[in-house]
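Quick notes on the structure that follows.
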Amino acid sequence: MEVTVVSTLTEILAHIIENYNQKDILRAKSGGVYVSMSVDEFRRNIQDLAFGLMESGFSRGDRLVIVSPSRPEWLLADFAALSLGGVTVPVYPTLSAEQIRYIIQDCGGKIVLCADRDILEKIQTDGDPASSPLRIFLFDTKTEEKSMSIQSLMEKGRASEKNSDGAFLHLLESVSPSDLATIIYTSGTTGIPKGVMLSHNNLVSNVRVLAEIQDLRQGDAILSFLPLSHVLERTATYAFLFVGSSINFAESVETLGENMIEVRPHIMVSVPRVFEKIYARVIDSVREGSSLKKKLFFWALGLGHKVSKLEKAGETIPAVLRVKHGLARKLVYSKITAKTGGRVRFFVSGGAPLNPDIAEFFYALGILILEGYGLTETSPVIACNTHDALKFGTVGKPVPGVEVQIAGDGEILVKGPNVMMGYYGKTKETEEVMENGWLKTGDIGFLDEEGYLVITDRKKDIIITAGGKNIAPQPIENLIKSSPYISNAVIVGGSRKYISALIVPDFERMEDYVKKQGMVFADRGELVRDEKIRTFLMAEIARMTPHLSPFEQVKKIALLDRDFMEENDELTPTLKVKRNIVENRYKELIDRLY
């Protein structure tokens, strides 16, 4: 599509204000129902909040720290800070108190906006807000905390003599493309988090590209599920707002299915874990159904694969196949797509590799998942699949304006306007990842014969066995997780004779299995210690990985009685496993495997 030329995030805001008048630019649940915010209310709220921040001493270059789950106020605060030439520092509210305080101190936070009293207590070392040199305001407050509410800030801004439409538009125009817009701290699978500095130009270059190459439309309903602290969700949200879409905030991970039906989204950005769980539920439902239901489903799935193969090849679909496919859509596909709201045009998957079999499965059912690739350091999109250039098992072609090279050791190198300004306060670390304008991504991959980028693994995650074999764990883990009986897997075996795996069973499926086998267990701990269960899951792993080389085959497994958890510091906020933490935590168990 033809894209309006903008060079700053504040120009995107001005573009929204000038060109759209929809009544529901933002929607969120309140009192059990979705409540809308119009473009006019959106502008007025941002304007009032900007002048409220100004009255509280916030000025150009100052850091506004946001510690909150995604919600309309998150975006209002972000745009308000940017309007003043300020810098937004997003922080995952799920981080520990120590991590949150480190980020606030490291970035030099001036004002902190946090969701509620619970997060406030993480920030305050002594529990007394008045004793802090920081100005802290809450999105959700009790009556006695009114002076600390974001509403009080907005009221202050509304009453400011400086607050006028003309003065606000002048603020928007005073921001430059080279100005620092945000410092985003990496989720830190290892070591101390680093603050990635992104300019307005870094982010806007990505927004323009997404609006140009993806099928984004005015009036689209977007279900916002990932946290806005995640650079993918944030940049995508800027792009959606830029084209005039409506952002609908999901309440939580637990209510995602319900919110899909309520919002009926056209697009949703997500991570592979969500698609894996949906896939598992669909397969479970089919397997538990009647013989007729199973036959009907796999008949329809087979037709879907035939049609999608012809469509991707640009070939004509025979009339008979088209009729059968229409019947399959009515009898089977529609019942599955109805659970997504019934009008999804496509999903976006990022943050980790998506199993291509799962992507093809959904595509055969009429649900398109476009996988992409990027880093916080690249604002984030480096490559992505599109409707016009789609290839499963890849993360698409590099986006316009972004160059990709493969180093001699297979590391992916990137150059473009989206590449970060550097790590805040860390010159040495910046120099380590930048070389002659090229960013070293830390990922291993290759460009195939058609120019599609394929990611094989993280450079630091590559396992080197005692025999000198280099093994990429992620593809093996994805294959293993294809089993309906396995929820999660972590491959281990560095400097060992062979690789093994930590396995988290899918306990719902396993409990059904053990009942059918006439087995009884007191609890999950007893279940994972049973040798028959271990043998069964080893057979499942062998079934999922028949084509792997002998040195890539899992030789032994240890079963865990719970999944990895973010609150235990085993997962990043984007649900990636912290391998070093997990391996250290289960070191004794792993050692027993060898």
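The values are calculated or read from the model by the stated rules, or taken from the named source; none is laboratory data. It should be emphasised that the depicted structure is a prediction, and the values quoted were computed from it without experimental measurement. Virtual Cβ from ideal backbone geometry, glycine too; neighbours counted across all protein chains shown.
Observations on the structure shown:
- Selection status of Ser224, within 15 Å of the chain's Cα centre (by Cα), among the hydroxyl-bearing types (Ser, Thr, Tyr) and farther than 25 Å from Val433 by Cβ: yes
- The lone exception for Asp106 - which of (1) closer than 25 Å to Leu241 by Cα; (2) among the acidic types (Asp, Glu); (3) touching a Gly at 6+ places or on another chain (Cβ under 8 Å) it fails: (1)
- Within the range 119-154, considering residues that are modelled with pLDDT of 85 or more and farther than 14 Å from Ile66 by Cα, the one nearest to the chain's Cα centre (by Cα): Glu121
- For Ser36, the conditions (1) buried (at least 21 other Cβ atoms within 10 Å of the Cβ); (2) of a type outside the set (D, E, K, R); (3) not in a helix (DSSP H, G or I) all hold with the exception of (1).
Yes/no matrix, rows are residues, columns are (1) over 30 Å from Glu98 (Cβ atoms); (2) hydrophobic (A, V, I, L, M, F, W, C):
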site	(1), (2)
Lys23	yes, no
Leu26	yes, yes
Val35	yes, yes
Val67	no, yes
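- Within the range 354-383, considering residues that are over 14 Å from the mean Cα position of the chain (by Cα) and in a strand (DSSP E or B), the one surrounded by the fewest Cβ atoms within 10 Å (Cβ to Cβ): Ala383
- Here the range 426-452 is the region considered, the condition is being modelled with pLDDT of 95 or more and in contact with an Asp or Glu (Cβ under 7 Å, 6 or more places away or on another chain), and the residue that is surrounded by the most Cβ atoms within 10 Å (Cβ to Cβ) is Thr441.
- Taken over the range 241-291, the residue count meeting the criterion of being within 30 Å of Val3 (Cα to Cα), in a loop (DSSP other than H, G, I, E, B) and modelled with pLDDT under 90 is 1.
Yes or no, residue by residue, for (1) modelled with pLDDT under 95; (2) crowded, with 22+ Cβ neighbours inside 10 Å:
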residue	(1), (2)
Pro177	no, no
Ile184	no, yes
Ser187	yes, no
Ile192	yes, no
Leu198	no, yes
Asn202	no, yes
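- Residue match in the range 287-295 (condition: surrounded by fewer than 17 Cβ atoms within 10 Å (Cβ to Cβ), closer than 26 Å to Gly257 by Cα and among the acidic types (Asp, Glu)): yes
- Note on the range 300-318: residues that are among the small types (Gly, Ala, Ser), surrounded by 13 or more Cβ atoms within 10 Å (Cβ to Cβ) and over 17 Å from Val286 (Cα atoms) total 1.
- For the residues Ala558, Ala542, the requirement of being under 32 Å from the mean Cα position of the chain (by Cα) and assigned to a strand (DSSP E or B) singles out Ala558.
- Verdict on Val414 being outside any loop (DSSP other than H, G, I, E, B), aliphatic (A, V, I, L, M), modelled with pLDDT of 95 or more and crowded, with 21+ Cβ neighbours inside 10 Å: yes
- The listed residues are Arg534, Arg509, Arg524, and the only one of them that is surrounded by 12 or more Cβ atoms within 10 Å (Cβ to Cβ), in contact (Cβ under 8 Å) with a residue 60 or more places away in the chain and of a type in the set (Lys, Arg) turns out to be Arg509.
- Within the range 460-505, considering residues that are under 19 Å from Leu575 (Cα atoms) and among the basic types (Lys, Arg), the one farthest from the chain's Cα centre (by Cα): Lys460
- For Ala472, the criteria (1) modelled with pLDDT of 90 or more; (2) in contact with a Ser or Thr (Cβ under 6 Å, 6 or more places away or on another chain) hold in every case but one, which is (1).
- Residue count for the range 239-258 satisfying the condition of being crowded, with 22+ Cβ neighbours inside 10 Å and either of a type outside the set (A, V, I, L, M) or under 13 Å from Gln22 (Cβ atoms) (or both): 9.
- Residue list for the range 60-88, restricted to those being over 19 Å from Glu121 (Cα atoms) and in a strand (DSSP E or B): Arg63, Val87, Thr88
- For Lys481: the one exception among (1) at pLDDT 90 or above; (2) of a type in the set (Lys, Arg); (3) surrounded by fewer than 21 Cβ atoms within 10 Å (Cβ to Cβ): (3)
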